[in-house]
1. With contacts defined as alpha carbon pairs under 8 Å and 6 or more residues apart, what's the relative contact order of chain B in percent?
2. What is the sum of charges, Lys and Arg at +1 and Asp and Glu at -1, for the other residues whose Cβ falls under 14 Å from the Cβ of A:Phe265?
3. Going highest first, how would you order B:37-46, B:235-244 by mean Cβ packing within 10 Å?
4. May I ask what percent, to the nearest 5, of DSSP beta bridges between residues of chain B are antiparallel?
5. Which semi-axes, in whole Å and largest first, does the equivalent ellipsoid of the protein assembly as shown have when worked out from the alpha carbon gyration tensor as the square roots of 5 times its eigenvalues?
6. Just to check I understand the Karplus step: with θ = phi - 60° and J = 6.51 cos²θ - 1.76 cosθ + 1.60, what whole-Hz values come out for the stretch B:44-50, glycine and proline as x?
7. Run the numbers on the stretch B:14-55: which residues show a drop of 50 Å² or more in accessible area, chain on its own versus all protein chains together, using a 1.4 Å probe over heavy atoms?
8. Using amide H atoms built 1.01 Å from N in the peptide plane, name the residues 5+ places from B:Leu151, or on other chains, whose amide H lies under 5 Å from its own.
Amino acid sequence: MSTVTAEHQWTIDEPSGRAGLRQAVSAEWTKFWSVRSTSWSLIALLLATIGLGILSTHALSTGPATIDPIRRIFVGFNLGQFAIGVLGVLYISAEYGTGQIRSTLSVMPRRSVVVGAKAIVMGGVGLVVGEVLSFVTFFVGDAVLSGSASHVAFGAPGVLRVLIESGLYLALLGLIGLGIATILHNSAGSIATFAGAVLVLTLLVSAMPTFIIHAVSRFLPANIGQTVFALSAPPRFATIPVFSPLTGLIVLAVYAVVLLAAGSFLMSRRDT
Amino acid sequence: MIEARGLSKRFGDVLAVDDLTFDVQPGRVTGFLGPNGSGKSTTMAMIMGLDHATSGSVKILGKQYHELRWPLREVGALLEARAIHPGRSARSHLWSLAQYNSIPKTRVDEVLDRVGLIDVANKRVGKFSLGMGQRLGIAAALLGDPAVVLLDEPVNGLDPEGIRWTRTLCKSLAAEGRTVFLSSHLMAEMALTADQLVVIGKGRLIAEMPVAEFVAHSTGNSYRVRVSSPEALMTVLEGANGEVVLSADGSLLVSGLDAKTIGDLALSLGVAVYELTAQASLEDAFMEMTGSSVEYRGVS
(Lines give C-alpha, C1' and ligand atoms only; values in the text may rest on other atoms or scores of the structure.)
Protein backbone atom coordinates (compact mmCIF):
# COMPACT_ATOMS: atom_id res chain seq x y z
CA MET A 1 0.00 0.00 0.00
CA SER A 2 1.25 3.48 -0.76
CA THR A 3 2.00 5.67 2.21
CA VAL A 4 0.09 8.88 2.65
CA THR A 5 2.17 11.66 1.18
CA ALA A 6 2.32 15.27 2.23
CA GLU A 7 -0.70 17.39 1.35
CA HIS A 8 -0.84 17.89 -2.40
CA GLN A 9 -0.03 21.38 -3.64
CA TRP A 10 -2.95 22.11 -5.94
CA THR A 11 -1.97 23.78 -9.17
CA ILE A 12 -5.08 25.96 -9.43
CA ASP A 13 -5.72 28.49 -6.69
CA GLU A 14 -9.21 28.43 -5.29
CA PRO A 15 -10.81 31.87 -5.49
CA SER A 16 -12.60 33.37 -2.51
CA GLY A 17 -16.39 33.27 -2.25
CA ARG A 18 -18.29 30.48 -3.90
CA ALA A 19 -19.55 29.48 -7.32
CA GLY A 20 -22.81 31.31 -7.95
CA LEU A 21 -25.10 32.94 -10.47
CA ARG A 22 -22.40 34.96 -12.23
CA GLN A 23 -20.37 31.85 -13.09
CA ALA A 24 -23.54 29.91 -13.92
CA VAL A 25 -24.75 32.54 -16.42
CA SER A 26 -21.45 32.54 -18.34
CA ALA A 27 -21.42 28.71 -18.42
CA GLU A 28 -25.07 28.51 -19.51
CA TRP A 29 -24.36 31.12 -22.20
CA THR A 30 -21.67 28.83 -23.60
CA LYS A 31 -24.01 25.85 -23.42
CA PHE A 32 -26.83 27.74 -25.13
CA TRP A 33 -24.80 28.59 -28.22
CA SER A 34 -22.80 25.35 -28.49
CA VAL A 35 -25.64 23.07 -29.62
CA ARG A 36 -27.15 23.04 -33.08
CA SER A 37 -30.77 23.10 -31.96
CA THR A 38 -30.27 26.74 -30.94
CA SER A 39 -29.49 27.96 -34.44
CA TRP A 40 -32.18 25.75 -35.98
CA SER A 41 -34.85 27.11 -33.66
CA LEU A 42 -33.72 30.70 -34.24
CA ILE A 43 -33.73 30.23 -38.02
CA ALA A 44 -37.22 28.70 -37.81
CA LEU A 45 -38.32 31.65 -35.69
CA LEU A 46 -36.88 34.11 -38.19
CA LEU A 47 -38.43 32.46 -41.24
CA ALA A 48 -41.83 32.01 -39.61
CA THR A 49 -42.24 35.55 -38.39
CA ILE A 50 -40.73 37.56 -41.22
CA GLY A 51 -41.79 35.19 -44.01
CA LEU A 52 -45.41 34.94 -42.94
CA GLY A 53 -45.49 38.70 -42.39
CA ILE A 54 -44.42 39.28 -46.00
CA LEU A 55 -46.91 36.77 -47.39
CA SER A 56 -49.75 38.19 -45.35
CA THR A 57 -49.04 41.85 -46.11
CA HIS A 58 -48.44 41.25 -49.79
CA ALA A 59 -52.16 40.62 -50.32
CA LEU A 60 -52.94 43.87 -48.53
CA SER A 61 -50.60 45.99 -50.60
CA THR A 62 -52.97 46.18 -53.54
CA GLY A 63 -56.31 46.14 -51.72
CA PRO A 64 -58.26 48.76 -49.80
CA ALA A 65 -57.17 50.07 -46.42
CA THR A 66 -57.30 47.59 -43.50
CA ILE A 67 -58.31 48.58 -40.01
CA ASP A 68 -55.26 46.98 -38.37
CA PRO A 69 -52.41 46.34 -40.84
CA ILE A 70 -50.05 45.73 -37.89
CA ARG A 71 -51.89 42.52 -37.08
CA ARG A 72 -51.30 41.35 -40.65
CA ILE A 73 -47.61 42.27 -40.52
CA PHE A 74 -47.18 40.40 -37.22
CA VAL A 75 -49.24 37.35 -38.16
CA GLY A 76 -46.02 35.28 -38.20
CA PHE A 77 -45.62 35.83 -34.47
CA ASN A 78 -48.49 33.38 -33.94
CA LEU A 79 -46.20 30.72 -35.38
CA GLY A 80 -42.92 32.14 -34.13
CA GLN A 81 -44.05 31.77 -30.54
CA PHE A 82 -43.84 27.98 -30.97
CA ALA A 83 -40.25 28.15 -32.20
CA ILE A 84 -39.11 30.15 -29.18
CA GLY A 85 -41.15 27.92 -26.86
CA VAL A 86 -39.41 24.84 -28.26
CA LEU A 87 -36.06 26.56 -27.81
CA GLY A 88 -36.89 27.21 -24.16
CA VAL A 89 -38.06 23.61 -23.65
CA LEU A 90 -34.97 22.04 -25.24
CA TYR A 91 -32.61 24.27 -23.26
CA ILE A 92 -33.24 22.08 -20.21
CA SER A 93 -35.11 18.98 -21.47
CA ALA A 94 -32.15 18.04 -23.69
CA GLU A 95 -29.99 17.95 -20.56
CA TYR A 96 -32.33 15.44 -18.97
CA GLY A 97 -32.60 13.44 -22.20
CA THR A 98 -28.84 13.08 -22.59
CA GLY A 99 -27.79 12.81 -18.94
CA GLN A 100 -25.92 16.13 -19.24
CA ILE A 101 -27.93 17.42 -16.26
CA ARG A 102 -25.89 15.14 -13.98
CA SER A 103 -22.69 16.82 -15.13
CA THR A 104 -24.30 20.22 -14.67
CA LEU A 105 -25.53 19.50 -11.15
CA SER A 106 -22.19 18.02 -10.17
CA VAL A 107 -20.45 21.32 -10.91
CA MET A 108 -23.33 23.44 -9.52
CA PRO A 109 -25.38 21.42 -7.04
CA ARG A 110 -27.67 24.32 -6.13
CA ARG A 111 -30.64 23.76 -8.45
CA SER A 112 -32.03 27.27 -8.11
CA VAL A 113 -28.76 28.73 -9.42
CA VAL A 114 -28.86 26.47 -12.49
CA VAL A 115 -32.49 27.32 -13.22
CA GLY A 116 -31.89 31.03 -12.55
CA ALA A 117 -28.92 31.11 -14.93
CA LYS A 118 -30.87 29.34 -17.66
CA ALA A 119 -33.76 31.77 -17.19
CA ILE A 120 -31.43 34.78 -17.46
CA VAL A 121 -29.79 33.46 -20.64
CA MET A 122 -33.09 32.37 -22.20
CA GLY A 123 -34.88 35.57 -21.19
CA GLY A 124 -32.00 37.75 -22.38
CA VAL A 125 -31.61 36.01 -25.72
CA GLY A 126 -35.40 35.90 -26.15
CA LEU A 127 -35.67 39.61 -25.50
CA VAL A 128 -32.88 40.65 -27.88
CA VAL A 129 -33.99 38.25 -30.61
CA GLY A 130 -37.64 39.16 -30.05
CA GLU A 131 -37.01 42.90 -30.28
CA VAL A 132 -34.77 42.63 -33.33
CA LEU A 133 -37.32 40.38 -34.96
CA SER A 134 -40.24 42.63 -34.22
CA PHE A 135 -38.51 45.72 -35.64
CA VAL A 136 -37.26 43.82 -38.70
CA THR A 137 -40.71 42.27 -39.23
CA PHE A 138 -42.31 45.70 -39.03
CA PHE A 139 -39.94 47.42 -41.44
CA VAL A 140 -40.02 44.56 -43.94
CA GLY A 141 -43.81 44.34 -43.77
CA ASP A 142 -44.14 48.09 -43.99
CA ALA A 143 -41.87 48.20 -47.03
CA VAL A 144 -44.24 45.76 -48.73
CA LEU A 145 -47.15 48.04 -47.86
CA SER A 146 -45.44 51.29 -48.83
CA GLY A 147 -47.58 53.33 -51.17
CA SER A 148 -50.68 51.27 -50.43
CA ALA A 149 -53.74 52.44 -48.53
CA SER A 150 -52.78 50.22 -45.55
CA HIS A 151 -49.36 51.77 -45.02
CA VAL A 152 -48.61 52.58 -41.34
CA ALA A 153 -46.02 55.12 -40.36
CA PHE A 154 -43.44 54.09 -37.77
CA GLY A 155 -44.46 57.09 -35.72
CA ALA A 156 -48.20 56.33 -35.82
CA PRO A 157 -49.84 56.01 -32.38
CA GLY A 158 -49.40 52.56 -30.82
CA VAL A 159 -46.83 51.26 -33.31
CA LEU A 160 -43.82 51.61 -31.03
CA ARG A 161 -45.82 49.95 -28.24
CA VAL A 162 -46.50 46.93 -30.49
CA LEU A 163 -42.86 46.66 -31.53
CA ILE A 164 -41.49 46.71 -27.99
CA GLU A 165 -44.14 44.49 -26.46
CA SER A 166 -44.06 41.86 -29.22
CA GLY A 167 -40.40 41.21 -28.52
CA LEU A 168 -41.17 40.99 -24.83
CA TYR A 169 -43.98 38.52 -25.58
CA LEU A 170 -41.62 36.18 -27.41
CA ALA A 171 -39.08 36.35 -24.56
CA LEU A 172 -41.79 35.43 -22.04
CA LEU A 173 -43.00 32.50 -24.13
CA GLY A 174 -39.45 31.20 -24.28
CA LEU A 175 -39.33 31.36 -20.48
CA ILE A 176 -42.69 29.60 -20.19
CA GLY A 177 -41.33 26.80 -22.40
CA LEU A 178 -38.25 26.61 -20.16
CA GLY A 179 -40.43 26.56 -17.04
CA ILE A 180 -42.64 23.73 -18.33
CA ALA A 181 -39.58 21.61 -19.18
CA THR A 182 -37.97 22.36 -15.81
CA ILE A 183 -40.99 20.63 -14.27
CA LEU A 184 -41.56 17.84 -16.82
CA HIS A 185 -37.92 17.17 -17.92
CA ASN A 186 -39.09 15.28 -21.02
CA SER A 187 -38.72 17.00 -24.42
CA ALA A 188 -41.73 15.52 -26.18
CA GLY A 189 -44.02 15.92 -23.17
CA SER A 190 -42.90 19.50 -22.59
CA ILE A 191 -43.32 20.54 -26.22
CA ALA A 192 -46.77 18.94 -26.27
CA THR A 193 -47.70 20.74 -23.05
CA PHE A 194 -46.45 24.05 -24.41
CA ALA A 195 -48.36 23.60 -27.66
CA GLY A 196 -51.39 22.51 -25.66
CA ALA A 197 -51.28 25.64 -23.51
CA VAL A 198 -50.78 27.99 -26.45
CA LEU A 199 -52.87 26.38 -29.19
CA VAL A 200 -55.14 23.56 -28.04
CA LEU A 201 -56.35 25.27 -24.88
CA THR A 202 -57.28 28.36 -26.86
CA LEU A 203 -59.35 26.34 -29.31
CA LEU A 204 -60.87 24.30 -26.53
CA VAL A 205 -61.93 27.30 -24.48
CA SER A 206 -63.43 29.05 -27.50
CA ALA A 207 -65.78 26.06 -27.88
CA MET A 208 -66.92 26.26 -24.24
CA PRO A 209 -70.07 27.88 -22.83
CA THR A 210 -69.99 31.66 -22.79
CA PHE A 211 -69.42 32.04 -19.05
CA ILE A 212 -66.24 29.95 -19.28
CA ILE A 213 -65.03 31.91 -22.30
CA HIS A 214 -65.61 35.10 -20.35
CA ALA A 215 -63.78 33.81 -17.28
CA VAL A 216 -60.80 32.11 -18.89
CA SER A 217 -60.08 33.56 -22.35
CA ARG A 218 -58.06 36.53 -21.25
CA PHE A 219 -55.66 34.33 -19.26
CA LEU A 220 -54.63 32.27 -22.28
CA PRO A 221 -51.18 33.11 -23.68
CA ALA A 222 -52.26 33.08 -27.33
CA ASN A 223 -55.12 35.50 -26.61
CA ILE A 224 -52.75 37.80 -24.78
CA GLY A 225 -50.53 37.61 -27.85
CA GLN A 226 -53.48 38.64 -30.06
CA THR A 227 -53.78 41.89 -28.13
CA VAL A 228 -50.01 42.47 -27.97
CA PHE A 229 -49.10 42.31 -31.65
CA ALA A 230 -51.97 44.44 -32.92
CA LEU A 231 -52.94 48.09 -32.65
CA SER A 232 -56.34 47.10 -31.24
CA ALA A 233 -57.83 43.92 -29.87
CA PRO A 234 -59.20 41.61 -32.60
CA PRO A 235 -62.94 41.91 -33.36
CA ARG A 236 -63.71 38.50 -31.83
CA PHE A 237 -62.69 39.93 -28.44
CA ALA A 238 -65.31 42.67 -28.74
CA THR A 239 -67.72 40.92 -26.37
CA ILE A 240 -65.10 39.08 -24.27
CA PRO A 241 -63.13 40.70 -21.45
CA VAL A 242 -59.44 41.02 -22.38
CA PHE A 243 -56.41 42.34 -20.58
CA SER A 244 -54.63 45.39 -21.89
CA PRO A 245 -51.41 44.31 -23.67
CA LEU A 246 -49.25 45.39 -20.75
CA THR A 247 -51.40 43.61 -18.14
CA GLY A 248 -51.36 40.54 -20.38
CA LEU A 249 -47.57 40.56 -20.43
CA ILE A 250 -47.48 40.85 -16.65
CA VAL A 251 -49.78 37.79 -16.44
CA LEU A 252 -47.38 35.88 -18.71
CA ALA A 253 -44.43 36.96 -16.56
CA VAL A 254 -46.25 35.57 -13.51
CA TYR A 255 -46.76 32.26 -15.33
CA ALA A 256 -43.06 32.10 -16.20
CA VAL A 257 -41.92 32.89 -12.65
CA VAL A 258 -44.33 30.39 -11.08
CA LEU A 259 -43.34 27.60 -13.50
CA LEU A 260 -39.61 28.23 -13.05
CA ALA A 261 -39.89 28.44 -9.27
CA ALA A 262 -41.94 25.24 -9.13
CA GLY A 263 -39.45 23.50 -11.44
CA SER A 264 -36.50 24.61 -9.35
CA PHE A 265 -38.21 23.44 -6.16
CA LEU A 266 -39.04 20.05 -7.67
CA MET A 267 -35.49 19.64 -8.97
CA SER A 268 -34.08 19.98 -5.49
CA ARG A 269 -36.59 17.43 -4.17
CA ARG A 270 -36.22 14.80 -6.85
CA ASP A 271 -33.38 12.41 -7.63
CA THR A 272 -31.50 13.19 -10.80
CA MET B 1 -12.13 12.22 2.16
CA ILE B 2 -15.53 10.61 2.14
CA GLU B 3 -17.52 9.44 5.16
CA ALA B 4 -20.70 7.40 4.71
CA ARG B 5 -22.76 6.81 7.84
CA GLY B 6 -25.72 4.44 7.79
CA LEU B 7 -26.38 5.44 4.19
CA SER B 8 -29.56 3.90 2.78
CA LYS B 9 -31.61 4.36 -0.37
CA ARG B 10 -35.00 2.86 -1.05
CA PHE B 11 -36.63 2.79 -4.52
CA GLY B 12 -40.20 1.65 -3.92
CA ASP B 13 -39.93 -1.84 -2.46
CA VAL B 14 -36.26 -2.24 -3.25
CA LEU B 15 -33.64 -1.29 -0.71
CA ALA B 16 -30.88 -0.43 -3.19
CA VAL B 17 -28.40 0.72 -0.56
CA ASP B 18 -28.72 -0.70 2.92
CA ASP B 19 -27.08 0.98 5.90
CA LEU B 20 -23.63 1.58 4.39
CA THR B 21 -20.93 2.91 6.69
CA PHE B 22 -17.40 3.35 5.33
CA ASP B 23 -14.55 5.84 5.04
CA VAL B 24 -12.47 6.73 2.02
CA GLN B 25 -9.07 8.17 2.95
CA PRO B 26 -6.81 10.51 0.99
CA GLY B 27 -3.48 9.40 -0.43
CA ARG B 28 -4.58 6.01 -1.65
CA VAL B 29 -6.86 4.40 -4.19
CA THR B 30 -10.00 2.96 -2.66
CA GLY B 31 -11.84 0.45 -4.80
CA PHE B 32 -15.62 0.22 -4.55
CA LEU B 33 -16.33 -3.33 -5.53
CA GLY B 34 -19.57 -5.17 -6.05
CA PRO B 35 -21.52 -7.11 -8.68
CA ASN B 36 -23.63 -5.20 -11.18
CA GLY B 37 -26.79 -3.89 -9.53
CA SER B 38 -25.28 -3.98 -6.04
CA GLY B 39 -25.84 -0.26 -5.43
CA LYS B 40 -22.47 1.22 -6.38
CA SER B 41 -23.81 3.85 -8.79
CA THR B 42 -26.62 4.79 -6.41
CA THR B 43 -24.07 5.29 -3.64
CA MET B 44 -21.94 7.43 -5.97
CA ALA B 45 -25.04 9.47 -6.87
CA MET B 46 -25.77 10.05 -3.18
CA ILE B 47 -22.20 11.19 -2.55
CA MET B 48 -22.68 13.69 -5.40
CA GLY B 49 -26.03 14.89 -4.09
CA LEU B 50 -27.79 13.67 -7.25
CA ASP B 51 -29.89 11.13 -5.36
CA HIS B 52 -31.25 11.82 -1.90
CA ALA B 53 -30.50 9.32 0.86
CA THR B 54 -33.59 7.71 2.37
CA SER B 55 -31.71 7.69 5.66
CA GLY B 56 -28.17 8.16 6.90
CA SER B 57 -25.72 10.63 5.46
CA VAL B 58 -22.59 10.95 3.42
CA LYS B 59 -20.06 13.75 3.68
CA ILE B 60 -17.29 14.67 1.33
CA LEU B 61 -14.43 16.82 2.64
CA GLY B 62 -16.52 17.18 5.80
CA LYS B 63 -19.47 18.73 3.98
CA GLN B 64 -22.62 17.74 2.20
CA TYR B 65 -22.08 18.01 -1.54
CA HIS B 66 -24.28 21.10 -2.03
CA GLU B 67 -22.31 22.93 0.65
CA LEU B 68 -19.07 22.76 -1.35
CA ARG B 69 -18.04 26.27 -2.36
CA TRP B 70 -16.38 25.35 -5.68
CA PRO B 71 -17.62 21.80 -6.30
CA LEU B 72 -15.52 21.08 -9.38
CA ARG B 73 -12.34 22.34 -7.70
CA GLU B 74 -12.97 20.09 -4.72
CA VAL B 75 -14.52 16.96 -6.26
CA GLY B 76 -14.02 15.62 -9.78
CA ALA B 77 -16.36 12.87 -10.87
CA LEU B 78 -16.76 10.52 -13.77
CA LEU B 79 -20.37 9.47 -13.62
CA GLU B 80 -21.83 6.71 -15.75
CA ALA B 81 -20.28 6.84 -19.21
CA ARG B 82 -22.39 9.44 -20.97
CA ALA B 83 -23.57 12.34 -18.83
CA ILE B 84 -22.82 14.61 -21.76
CA HIS B 85 -24.91 16.32 -24.45
CA PRO B 86 -23.84 14.59 -27.69
CA GLY B 87 -24.28 17.72 -29.80
CA ARG B 88 -21.52 19.68 -28.11
CA SER B 89 -17.80 19.50 -28.88
CA ALA B 90 -15.49 18.09 -26.22
CA ARG B 91 -13.94 21.52 -25.78
CA SER B 92 -17.29 23.37 -25.39
CA HIS B 93 -18.48 20.76 -22.93
CA LEU B 94 -15.43 21.12 -20.71
CA TRP B 95 -15.37 24.90 -21.09
CA SER B 96 -18.97 25.21 -19.86
CA LEU B 97 -18.18 23.04 -16.82
CA ALA B 98 -15.04 25.09 -16.17
CA GLN B 99 -16.98 28.37 -16.33
CA TYR B 100 -19.37 27.13 -13.66
CA ASN B 101 -16.41 27.14 -11.26
CA SER B 102 -14.31 30.04 -12.64
CA ILE B 103 -11.65 27.69 -13.96
CA PRO B 104 -9.44 29.34 -16.63
CA LYS B 105 -9.91 28.33 -20.27
CA THR B 106 -6.27 27.22 -20.60
CA ARG B 107 -7.08 24.39 -18.19
CA VAL B 108 -9.54 22.86 -20.70
CA ASP B 109 -6.81 22.13 -23.26
CA GLU B 110 -4.48 20.97 -20.49
CA VAL B 111 -6.85 18.20 -19.43
CA LEU B 112 -7.77 17.34 -23.04
CA ASP B 113 -4.07 16.91 -23.69
CA ARG B 114 -3.63 14.81 -20.54
CA VAL B 115 -6.36 12.34 -21.57
CA GLY B 116 -5.20 12.27 -25.20
CA LEU B 117 -8.25 13.96 -26.76
CA ILE B 118 -6.66 17.24 -27.82
CA ASP B 119 -6.79 16.27 -31.52
CA VAL B 120 -10.56 15.71 -31.39
CA ALA B 121 -11.32 18.67 -29.12
CA ASN B 122 -13.72 20.24 -31.63
CA LYS B 123 -15.44 17.02 -32.62
CA ARG B 124 -19.01 16.49 -31.48
CA VAL B 125 -19.14 14.18 -28.47
CA GLY B 126 -21.90 12.12 -30.12
CA LYS B 127 -19.31 10.86 -32.61
CA PHE B 128 -16.99 9.62 -29.85
CA SER B 129 -16.36 5.93 -29.19
CA LEU B 130 -17.19 4.53 -25.76
CA GLY B 131 -13.53 4.74 -24.77
CA MET B 132 -13.20 8.36 -25.92
CA GLY B 133 -16.35 9.20 -23.96
CA GLN B 134 -14.76 7.68 -20.85
CA ARG B 135 -11.60 9.71 -21.39
CA LEU B 136 -13.66 12.88 -21.78
CA GLY B 137 -15.43 12.06 -18.51
CA ILE B 138 -12.05 11.62 -16.83
CA ALA B 139 -10.92 14.96 -18.32
CA ALA B 140 -13.96 16.61 -16.74
CA ALA B 141 -13.10 15.02 -13.41
CA LEU B 142 -9.58 16.46 -13.58
CA LEU B 143 -10.62 19.98 -14.69
CA GLY B 144 -10.67 21.56 -11.27
CA ASP B 145 -7.53 19.84 -9.94
CA PRO B 146 -9.75 18.37 -7.20
CA ALA B 147 -8.80 16.88 -3.84
CA VAL B 148 -11.32 14.08 -4.30
CA VAL B 149 -11.75 12.05 -7.49
CA LEU B 150 -14.76 9.76 -7.95
CA LEU B 151 -14.77 7.41 -10.91
CA ASP B 152 -17.77 5.18 -11.59
CA GLU B 153 -16.70 2.14 -13.65
CA PRO B 154 -13.92 4.10 -15.40
CA VAL B 155 -12.49 1.20 -17.41
CA ASN B 156 -15.81 0.22 -19.01
CA GLY B 157 -15.33 0.21 -22.76
CA LEU B 158 -11.62 0.96 -22.62
CA ASP B 159 -9.07 -1.06 -24.56
CA PRO B 160 -6.17 -2.70 -22.67
CA GLU B 161 -3.99 0.37 -23.21
CA GLY B 162 -6.75 2.61 -21.86
CA ILE B 163 -7.25 0.35 -18.85
CA ARG B 164 -3.57 0.54 -18.05
CA TRP B 165 -3.55 4.28 -18.53
CA THR B 166 -6.49 4.66 -16.12
CA ARG B 167 -4.76 2.43 -13.56
CA THR B 168 -1.58 4.51 -13.70
CA LEU B 169 -3.58 7.73 -13.51
CA CYS B 170 -5.47 6.58 -10.39
CA LYS B 171 -2.25 5.61 -8.66
CA SER B 172 -0.56 8.90 -9.49
CA LEU B 173 -3.60 10.91 -8.35
CA ALA B 174 -3.49 9.08 -5.02
CA ALA B 175 0.27 9.54 -4.77
CA GLU B 176 -0.34 13.30 -5.08
CA GLY B 177 -2.34 13.10 -1.86
CA ARG B 178 -5.82 13.03 -3.38
CA THR B 179 -8.70 10.85 -2.30
CA VAL B 180 -9.43 8.44 -5.15
CA PHE B 181 -12.62 6.36 -5.05
CA LEU B 182 -13.34 4.16 -8.01
CA SER B 183 -16.07 1.62 -8.52
CA SER B 184 -15.83 -1.55 -10.52
CA HIS B 185 -17.39 -4.97 -10.79
CA LEU B 186 -14.03 -6.38 -11.99
CA MET B 187 -12.12 -7.91 -9.09
CA ALA B 188 -8.90 -8.50 -11.01
CA GLU B 189 -8.69 -4.87 -12.11
CA MET B 190 -9.27 -3.72 -8.54
CA ALA B 191 -6.52 -5.95 -7.20
CA LEU B 192 -4.09 -4.18 -9.53
CA THR B 193 -5.30 -0.62 -8.98
CA ALA B 194 -6.64 -0.23 -5.46
CA ASP B 195 -4.92 -0.08 -2.07
CA GLN B 196 -8.09 -0.32 -0.04
CA LEU B 197 -11.40 -2.03 -0.79
CA VAL B 198 -15.01 -1.36 0.08
CA VAL B 199 -16.96 -4.43 -1.04
CA ILE B 200 -20.75 -4.38 -1.28
CA GLY B 201 -23.40 -6.82 -2.40
CA LYS B 202 -27.15 -6.14 -2.64
CA GLY B 203 -26.53 -2.72 -1.16
CA ARG B 204 -24.93 -4.04 2.03
CA LEU B 205 -21.34 -3.66 3.16
CA ILE B 206 -19.55 -7.01 2.88
CA ALA B 207 -15.96 -6.02 3.57
CA GLU B 208 -13.83 -2.95 4.14
CA MET B 209 -10.15 -3.85 4.22
CA PRO B 210 -6.77 -3.32 2.50
CA VAL B 211 -6.42 -5.16 -0.79
CA ALA B 212 -3.40 -7.03 0.60
CA GLU B 213 -5.54 -8.42 3.40
CA PHE B 214 -8.30 -9.34 0.98
CA VAL B 215 -5.74 -11.17 -1.14
CA ALA B 216 -4.28 -12.97 1.88
CA HIS B 217 -7.77 -13.95 2.93
CA SER B 218 -8.58 -15.48 -0.36
CA THR B 219 -5.42 -17.34 -1.39
CA GLY B 220 -3.25 -20.00 0.22
CA ASN B 221 -6.12 -22.30 0.98
CA SER B 222 -5.42 -24.73 -1.76
CA TYR B 223 -2.47 -25.52 -4.06
CA ARG B 224 -1.95 -27.44 -7.25
CA VAL B 225 1.30 -29.42 -7.06
CA ARG B 226 3.02 -31.28 -9.92
CA VAL B 227 5.99 -33.41 -9.00
CA SER B 228 8.06 -36.27 -10.41
CA SER B 229 6.46 -38.87 -8.09
CA PRO B 230 3.06 -37.75 -6.89
CA GLU B 231 2.12 -40.91 -4.94
CA ALA B 232 5.23 -40.69 -2.73
CA LEU B 233 4.65 -37.01 -1.97
CA MET B 234 0.98 -37.66 -1.33
CA THR B 235 1.81 -40.05 1.51
CA VAL B 236 4.20 -37.56 3.12
CA LEU B 237 1.75 -34.66 2.79
CA GLU B 238 -1.05 -36.67 4.34
CA GLY B 239 1.37 -37.59 7.14
CA ALA B 240 1.76 -33.83 7.77
CA ASN B 241 -2.04 -33.48 8.14
CA GLY B 242 -2.59 -32.12 4.64
CA GLU B 243 -5.66 -33.00 2.62
CA VAL B 244 -4.58 -34.29 -0.74
CA VAL B 245 -6.49 -35.23 -3.84
CA LEU B 246 -4.76 -36.93 -6.77
CA SER B 247 -6.14 -35.57 -10.04
CA ALA B 248 -6.51 -37.62 -13.19
CA ASP B 249 -3.63 -35.70 -14.83
CA GLY B 250 -1.29 -36.73 -12.03
CA SER B 251 -1.21 -33.39 -10.21
CA LEU B 252 -2.06 -33.08 -6.52
CA LEU B 253 -4.60 -30.68 -5.02
CA VAL B 254 -3.38 -29.90 -1.53
CA SER B 255 -5.16 -27.97 1.17
CA GLY B 256 -4.40 -27.40 4.84
CA LEU B 257 -0.68 -26.79 4.25
CA ASP B 258 1.13 -23.64 3.11
CA ALA B 259 3.36 -23.46 0.05
CA LYS B 260 6.58 -23.46 2.09
CA THR B 261 5.70 -26.66 3.94
CA ILE B 262 4.75 -28.41 0.71
CA GLY B 263 8.00 -27.33 -0.97
CA ASP B 264 10.15 -28.34 2.03
CA LEU B 265 8.52 -31.76 2.25
CA ALA B 266 9.08 -32.33 -1.47
CA LEU B 267 12.74 -31.37 -1.08
CA SER B 268 13.25 -33.68 1.91
CA LEU B 269 11.72 -36.47 -0.15
CA GLY B 270 14.00 -35.69 -3.08
CA VAL B 271 11.21 -35.29 -5.68
CA ALA B 272 11.37 -32.63 -8.37
CA VAL B 273 8.67 -29.92 -8.18
CA TYR B 274 7.33 -28.76 -11.57
CA GLU B 275 4.49 -26.62 -10.32
CA LEU B 276 3.26 -25.23 -7.01
CA THR B 277 0.43 -22.74 -7.52
CA ALA B 278 -2.22 -21.23 -5.26
CA GLN B 279 -5.66 -22.26 -6.47
CA ALA B 280 -8.22 -19.95 -4.90
CA SER B 281 -8.24 -16.84 -7.08
CA LEU B 282 -9.31 -13.34 -6.15
CA GLU B 283 -12.29 -13.83 -8.41
CA ASP B 284 -13.23 -16.90 -6.38
CA ALA B 285 -12.92 -14.99 -3.13
CA PHE B 286 -15.02 -12.18 -4.52
CA MET B 287 -17.64 -14.58 -5.80
CA GLU B 288 -17.63 -16.36 -2.47
CA MET B 289 -18.10 -13.11 -0.57
CA THR B 290 -20.77 -11.65 -2.82
CA GLY B 291 -22.17 -14.92 -4.12
CA SER B 292 -25.22 -14.91 -1.89
CA SER B 293 -25.84 -11.28 -2.72
CA VAL B 294 -25.92 -11.36 -6.50
CA GLU B 295 -29.32 -10.16 -7.55
CA TYR B 296 -29.54 -11.57 -11.05
CA ARG B 297 -27.79 -14.84 -11.63
CA GLY B 298 -27.40 -16.59 -14.94
CA VAL B 299 -27.97 -20.33 -15.21
CA SER B 300 -24.95 -22.28 -16.37
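1. Values: 589 pairs, mean separation 63.4, N = 300.
Relative contact order here is 21 percent.
2. Numbers: positive: A:Arg110, A:Arg111, A:Arg269, A:Arg270; negative: none.
Computed value for this residue: +4.
3. Working: B:37-46: 23.3, B:235-244: 14.8.
So the order, starting with the most tightly packed, is B:37-46, B:235-244.
4. Values: 33 of 51 bridges.
About 65 percent, rounded to the nearest 5.
5. Listed largest to smallest, the semi-axes of the protein assembly as shown are 67, 23, 20 Å.
6. 4, 5, 6, 4, 7, x, 7
7. Flagged in the stretch B:14-55: B:Leu50, B:His52.
8. Residues meeting the criterion, in which the H sits 1.01 Å from N, are B:Leu78, B:Phe181, B:Leu182, B:Ser183.
The values are calculated or read from the model by the stated rules, or taken from the named source; none is laboratory data. Quantities reported herein were computed from a predicted structural model and do not represent experimental measurements. A quick note on method: Cβ atoms are made from the backbone with ideal geometry, for glycine too, and the neighbour counts reach across all protein chains shown. Quick note on the areas: whole protein, heavy atoms, side chains included, nothing else; ligands and nucleic acids left out. Shrake-Rupley method; radii C 1.70, N 1.55, O 1.52, S 1.80 Å.
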